[in-house]
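Inspection log for the structure reproduced underneath, given as structure tokens.
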Amino acid sequence: MKLKDLEIFVVAPPAPGWGGRYWIFPKLTTECGIVGYGECYASTVGPRAMKAVIEDVFERHMLGENPENIELMYRRAYSSGFTQRPDPTVMGAFSGLEIACWDILGKARNRPVWALLGGKMNEKVRSYTYLYPEPDEDAAEFWVNPDMTAQAAARAVKQGFTAVKFDPAGPYTIRGGHEPAMSDISRSVAFCAKIREAVGDRADLLFGTHGQFSTPGAIRMGQAIAPYNPLWYEEPIPPDNLAEFAEVARAVPVPLSTGERLTTKAEFGALLRLGGVKILQPALGRVGGIWEAKKIAAMAEVYNAEMAPHLYAGPVEWAANIHFAASIPNILMAETIQTGGAFHLALIKNSITWQDGYIIPSEAPGLGIDFDEDLARAHPYTGNGLHLQMQEAPCDYRYGNRFEGGAPTAKT
């Protein structure tokens with residue numbers, strides 16, 4: 001069995017676009033005709049450039065190789081160009097290709113991917129969702145209105161979710177960490193209070209941030225929200241100085257989580273050694289793939305840390321997350337987008353099952369999904385923006401900050 005062909009789908013989800021401006025799905029085909037799908041969660045370059053990177057990684061390191069040789073292909077990509085260090089673009093390309101290899105291997109053996117990863121540790125996987133506005137609600141107002149978000153939390157709990165995530169903490173900018181505006185702190189406290197009142201003890205609060213703050217700023221924000229007992233305080237400082245997470249953890253009683261922007265066991269290993277973070281959130285389409293995530297989960301066991309795979313992408317990474325989560329003992333929960341989102345589920349023909357707050361791992365071969373190529377081709381991304389973008393303007397300390405959430409109105 002050898003890898004032969006590559007096709008890449010760059011898909012734009014319809015508005016409001018939960019999951020980013022576009023999703024990148026590589027499709028691999030073997031010489032014997034077995035097809036596998038993956039997903040690349042990498043957005044440091046535009047999709048045209050990213051397609052070229054994916055093609056180069058495939059042709060240079062994987063073409064003609066047996067898809068079983070995951071470790072060999074990983075080491076080739078990780079070492080490419082005399083690097084042997086984390087590279088989010090190259091490893092993002094490899095991650096999607098690696099996920100497709102696992103899909104192929106499962107189909108070749110007529111077994112689900114989790115069965116190839118040590119078997120099923122978990123019959124079901126606890127899930128959480130970001131809080132999103134209803135279609136008829138003012139999205140711009142939703143992100144800064146604690147009453148509207150509390151109503152969304154109550155809806156999510158009624159659906160069956162036992163954890164909800166929200167991010168009212170203000171802008172994330174190219175300038176690095178900043179001190180939050182006092183109005184950002186006040187709004188964040190109001191969100192925690194209203195959502196806690198709405199859900200009581202039926203759900204955990206997951207306080208999302210995106211590396212916005214300086215270390216002292218993260219401490220101020222964390223101490224302000226602590227009375228509402230969030231389950232985690234996500235990536236409060238930029239991920240380029242891992243040692244500072246321990247400084248925040250020493251001063252804030254809320255558990256820290258991070259990992260969406262980290263890649264490979266090298267970065268996660270450093271994070272664990274430095275201390276401060278016990279909830280790891282790898283994005284499997286960036287971290288190096290499913291096998292690399294398994295290694296990180298094993299390291300995390302030694303530090304009594306838990307895994308909560310991240311999802312702000314499409315349904316193929318979601319499927320990979322589920323197989324990974326099903327196979328490890330230290331899973332906390334896995335992110336989903338509501339119960340998958342209409343377009344997410346349509347793109348895989350409703351082949352992921354969500355029941356009463358849990359995702360049910362598939363028994364079907366490979367990733368267990370039925371990827372709809374016709375629907376993918378009908379929604380090509382034609383813009384020039386990145387999957388996610390940070391604002392250039394600094395935090396506004398006089399007139400306040402409004403955060404648009406994960407689906408900016410400018411769909412470029």
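Just a few scattered comments:
- Residues of the range 142-167 satisfying the condition of being touching a residue at least 40 places away in the same chain (Cβ under 8 Å) and more than 27 Å from V125 (Cβ to Cβ): F142, W143, V144, P146, D147
- Condition broken by L386, with the remaining ones in (1) open to solvent by less than 20 Å² (accessible area, probe 1.4 Å); (2) within 30 Å of V277 (Cα to Cα) satisfied: (1)
- Top-ranked residue in the range 283-339 [being open to solvent by 10 Å² or more (accessible area, probe 1.4 Å) and modelled with pLDDT under 95; ranked as nearest to C101 (Cα to Cα)]: Y312
- Candidates are the residues of the range 245-271 that are of a type in the set (D, E) and within 23 Å of G289 (Cα to Cα); the one that is nearest to the chain's Cα centre (by Cα) is E260.
- Among the residues of this structure, Y128 counts as one that is surrounded by 15 or more Cβ atoms within 10 Å (Cβ to Cβ), among the aromatic types (F, W, Y) and at pLDDT 95 or above.
- Selected residue (criterion: farthest from I352 (Cα to Cα)) from residues of the range 370-405 that are part of a loop (DSSP other than H, G, I, E, B), touching a residue at least 40 places away in the same chain (Cβ under 8 Å) and among the charged types (D, E, K, R): D396
- Residue among P238, P230 that alone is outside any helix (DSSP H, G or I), open to solvent by 20 Å² or more (accessible area, probe 1.4 Å) and modelled with pLDDT of 95 or more: P238
- Extreme residue, nearest to E55 (Cα to Cα), among residues of the range 78-126 that are assigned to a helix (DSSP H, G or I) and free of Cβ contacts under 8 Å to residues at least 12 places away in the same chain: S79
- Within the range 152-180, tally of residues that are in a strand (DSSP E or B), closer than 20 Å to A190 by Cα and open to solvent by 10 Å² or more (accessible area, probe 1.4 Å): 0
- For I296, the conditions (1) free of Cβ contacts under 8 Å to residues at least 40 places away in the same chain; (2) at negative phi; (3) out of contact with any Pro (no Cβ under 7 Å at 6 or more places or on another chain) are fulfilled apart from (3).
- Flag if D147 is more than 29 Å from F245 (Cα to Cα), open to solvent by 40 Å² or more (accessible area, probe 1.4 Å) and outside any loop (DSSP other than H, G, I, E, B): yes
- Test: residue in the range 269-281 that is crowded, with 24+ Cβ neighbours inside 10 Å, out of contact with any Gly (no Cβ under 9 Å at 6 or more places or on another chain) and modelled with pLDDT of 95 or more: no
- Among the residues of the range 340-351, the one identified as buried (at least 24 other Cβ atoms within 10 Å of the Cβ) and of a type outside the set (A, V, I, L, M, F, W, C) is H344.
Condition check ((1) open to solvent by less than 10 Å² (accessible area, probe 1.4 Å); (2) aliphatic (A, V, I, L, M); (3) touching a residue at least 40 places away in the same chain (Cβ under 8 Å)) across all residues:
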residue	(1), (2), (3)
R187	no, no, yes
A198	no, yes, yes
R202	no, no, yes
L205	yes, yes, yes
G211	yes, no, yes
T215	no, no, no
G222	yes, no, no
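- Test: residue in the range 66-76 that is among the acidic types (D, E) and closer than 20 Å to A283 by Cβ: no
- Any hit, the range 282-304, residues being among the β-branched types (V, I, T), more than 17 Å from I359 (Cβ to Cβ) and outside any helix (DSSP H, G or I): yes
- Test: residue in the range 361-377 that is modelled with pLDDT of 90 or more, out of contact with any helix residue (DSSP H, G or I) (no Cβ under 6 Å at 6 or more places or on another chain), buried (at least 16 other Cβ atoms within 10 Å of the Cβ) and under 29 Å from P135 (Cα atoms): yes
The values are calculated or read from the model by the stated rules, or taken from the named source; none is laboratory data. Just so it is clear, the structure is predicted and the values come from calculations on it, not from any experiment. Cβ coordinates were reconstructed from backbone atoms using ideal geometry, including for glycine residues, and neighbour counts include every protein chain displayed. Surface areas here come from the heavy atoms of the whole protein model, side chains and all, with no ligands, DNA or RNA. Shrake-Rupley method; radii C 1.70, N 1.55, O 1.52, S 1.80 Å.
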